[in-house]
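*Asks:* Here it is: the structure, laid out below.
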Amino acid sequence: MNRNYINPPNLSSEKSLKTLVENRTVYNLNHCELNLFETYKESQLVPLKFNDLVVTSMLRGKKVMHLFDDPGFEYLPGETVVIPSNVEMKIDFPEATKNNPTQCLALAIDQQKINDTLHFLNDRYPKEGNSQFWHLNYQNYYFYNNVELATTINKLIKECMSTSVTKDVLADLTLQELLIRIVQTQTAKSIEDGLYTDPNSPITQVLEYIRVNIRENISLKNLSEKACMSTTSFYRFFKRELGMTPIEFVIREKIKCAKQLLKNPAIQINEVCHLSGFEDSNYFIRLFKKHEGITPKQYQLLYVN
């Protein structure tokens, strides 16, 4: 399934390579450092550590990442990992060759920039509730890219590689956007993983309503009433928290339900469409392919085979 919305920069020329394992190209700005790493031969447990928080995204090929005391996991294009400062990664490159290199970006962000951005958000755009704050969750470090997150990373790559005199200013603005996108993506992932348990948040009541009524036609009015908020206030609140509209989230939940149903090899696509709350099967198929990169039938066959 293609989730790699990031445009990979060109690979280095063979003559410019200093090493075949994690060959590094660096672009420095005032508050961040963009590193592009390329590996051209199979290697195991290659160590890597940064002094600052680093946002990494796979662009080509496959790695196996070893972080903290967690089991190693495959790291593929379309995925992002956020790593705290001074944490050592150990990386395997099981398939890297000259004809099939890996490419990964690592964006190291100055801690003061992170602190200033989070302080600004908490001051100007405080969250609902006395104990709710904008923050980065270092335990929630791995997630799939979404269009918004990848678009922001693409902008940062462009600014970092630019020769414009204004690139530091534009990169600073994009860094703020990136941090917002990461916090929103972490919130969405905690919901997806069933780890969002704040009983005082309007989102908790809305989530329960969506999941109980997943087969129904759920409207913005239904959701705002469940949250005890006006439609306008709820829309703004939800978009700020998760980086997507309430209806976009409902569609994601319906697609998630469909994916679970499709693991049954005997179920028909029309039945999946109905049970996951879509009224038109053609619309369901188009939407599923847009989100997952393949049709519902192709997804179902992955589990049959």
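Values in this text are rule-based calculations from the coordinates and carry no lab data. Model, not experiment: these values are computed from the prediction. Cβ placement follows ideal geometry from the backbone for every residue including glycine, while neighbour counts extend to all protein chains displayed.
*Asks:* Can you bin the range 28-141 into rounded, prolate or oblate? Criterion: square roots of the alpha carbon gyration tensor eigenvalues sorted a ≥ b ≥ c, rounded for a/c under 1.5, prolate for a/b above b/c, oblate for the rest. All intermediate terms of the calculation are to be shown ahead of the outcome.
*Replies:* Values: a/c = 2.59, a/b = 2.03, b/c = 1.27.
Prolate shape, in that a/c is at least 1.5 and a/b is the bigger ratio.
*Asks:* Which loop trypsin sites (Lys or Arg not before Pro) in the range 1-62, with loop taken from DSSP, have no more than 13 other Cβ atoms within 10 angstrom of their Cβ?
*Replies:* Numbers: sites: R3, K15, K18, R24, K41, K49, R60, K62; in loops: R3, K18, K41, K49, K62.
Passing both the DSSP loop test and the Cβ count: K18, K41, K49.
*Asks:* Per-residue ellipticity at 222 nm for the chain, helices alone: DSSP H runs ≥ 4 residues times -39500 (n - 2.57), over residue total, nearest 500 deg cm²/dmol? Walk me through the intermediate numbers first.
*Replies:* Values: 10 runs with 128 residues, N = 305.
That calculation yields -13000 deg cm²/dmol at 222 nm.
*Asks:* Given Cβ point charges of +1 (Lys, Arg) and -1 (Asp, Glu) and nothing else, what value in debye, to the nearest 20, does the dipole of the range 14-192 about its Cα centre take?
*Replies:* Working: 18 positive and 23 negative charges, 90 e Å.
Around 440 debye, computed over the range 14-192.
*Asks:* Contour minus end-to-end for E271 and V212, with contour as 0.36 nm per residue of separation and end-to-end as the Cα-Cα distance?
*Replies:* Numbers: separation 59, 0.36 × 59 = 21.24 nm, distance 1.82 nm.
Length gained between E271 and V212: 19.4 nm.
*Asks:* Give the aspartates and glutamates whose C-alpha is closer than 14 Å to that of K167, dropping any in the same chain fewer than 8 places away, or say none.
*Replies:* Within reach: E33, E159.
*Asks:* Separate question: Among (1) 29, 55, 16, 0; (2) 26, 44, 24, 6, 0; (3) 33, 61, 5, find the value of P(r) over Cα pairs in 20 Å bins from 0, in percent that was calculated from the structure presented, and write down its label.
*Replies:* (1)
*Asks:* Take the Cα of I294, step 7 Å along the line toward its Cβ, and report every residue of the range 264-281 whose backbone nitrogen sits under 18 Å from that point.
*Replies:* 264-270, 272-273
*Asks:* Which whole-Hz ³J(HN,Hα) couplings does the range 91-102 yield from phi under the Karplus relation 6.51 cos²θ - 1.76 cosθ + 1.60, θ = phi - 60°, glycine and proline marked x?
*Replies:* These are the phi-based 3J(HN,Hα) values: 10, 9, 10, x, 10, 5, 9, 4, 8, 9, x, 8 Hz.
*Asks:* Counting other Cβ atoms within 10 Å, which chymotrypsin sites (Phe, Trp or Tyr not before Pro) in the range 32-98 have at most 15 and lie in a DSSP loop? Display every interim value, and only then the final one.
*Replies:* Working: sites: F37, Y40, F50, F68, F73, Y75; in loops: Y40, F50, F68.
Listed in order of number, the matching sites are F68.
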